[in-house]
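Just below is one structure, and these are the notes that go with it.
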Amino acid sequence: MRATTLVSTTAAVAATVSIVHLAAQLTDRDGLADVTQVMLMPTVAGWLAARTSGAPRPRIVRRFLLGLGFSWLGDTAPRFLDGDAGFLAMVGFFLVAQVVYASAFWPLRQGSAAVRAPWSLLAYAAALAMIVALCAGEAGPLLPALLVYAGALVTTSVLAWGAGPVAGVGGVVFLASDAMIGLRAFAPSFDPPQEGFLIMSTYIAAQVLLAHAVAQHAQPGRAGTRTPLPRARAAR
């Protein structure tokens, strides 16, 4: 009962912070948006930690929690820096987060629907090429960093399917969210209404979907989990 209450409480806190943040984005309350953005990833991490408490946490949970920590740094560090330094700090921390996420999902790669379906890999390659093509003209010396980060995003998205369809969708939503950040920075013609709300709503949704899938995978008795592949089959 106590564990269930903790999960419900952390879920309610995460939902409340997310709703307040998105409302602040819609109403242009920048100060409130800044404060709540810094709170987002700690609340998601708390929810995931509550759902996986009571036993040693498997590798995928520990890695994902670490990735949430770097995501929090990506949300937070740019607020203390100006101009390009802030942007590079954001990209740098989120790049590390994506690498950590990819390492969390890597052992499940043979179960990834995207890896098993060549056509889906072509779709990811096309998405990567489109993002780079749209941003390359204005990226200048930041183009190599853009290529590396976009590649890391696509890799995480492909590998996430190994944890099931919920994680796979979360990876796709994450790719869309960060693609919008790149377009906002390097494609002047990209100017949708409520741009900040679109970016943050997809960012929150992606992190929550991935965290939910990771929690499910950590509990073999729960629906939607996958049985780990035998060691002999998992090796390449």
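Roughly speaking, to the nearest percent, how much of the chain's 1.4 Å accessible area is carbon and sulfur? Please report the intermediate quantities before stating the final value.
Numbers: 8160 of 11750 Å².
Answer for the chain is 69 percent, counting heavy atoms of protein chains only.
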Inset, instruction - Obtain the nm distance between the two label points defined at Phe190 and Phe87 by a simple spin-label model: each point lies 7 Å from its Cα along the Cα-to-C-beta direction. - result: 1.2
Inset, instruction - Any chance you could run the full-extension gain for Leu143 through Ala117? It's 0.36 nm times the residue separation minus the Cα-Cα distance, nm to one decimal. - result: 6.4 nm
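Go through 170-183, 44-57 and give me the packing order, highest mean Cβ count within 10 Å leading. Write out the running numbers ahead of the final one.
Working: 170-183: 22.1, 44-57: 18.1.
Output ranking for 170-183, 44-57: 170-183, 44-57.
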Inset, instruction - Give me the distance in nm between label points sitting 7 Å out from Cα along the Cα-to-Cβ direction at Leu198 and Asp30, one decimal. - result: 2.1
Inset, instruction - Report the dimensions of the chain along its three principal axes from the alpha-carbon atoms, largest first, rounded to Å. - result: 49, 42, 27
Inset, instruction - Mind giving me the nanometre distance, one decimal, between the label points for Ala23 and Ala3, set 7 Å out from Cα along Cα→Cβ? - result: 3.4
Legend entry - GNM flexibility winner over the chain from Gly151, Gly74, Gly86 (Cα, springs under 10 Å): Gly86
Legend entry - Probe 1.4 Å, accessible area per residue of the chain, Å²: 50
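The values are calculated or read from the model by the stated rules, or taken from the named source; none is laboratory data. This is a predicted model, so every value here is computed, not measured. Glycine gets a Cβ as well: all are built from the backbone with ideal geometry, and neighbour counts include every protein chain shown. Surface accessibility is based on the protein's heavy atoms, side chains included, excluding ligands, DNA and RNA. Shrake-Rupley method; radii C 1.70, N 1.55, O 1.52, S 1.80 Å.
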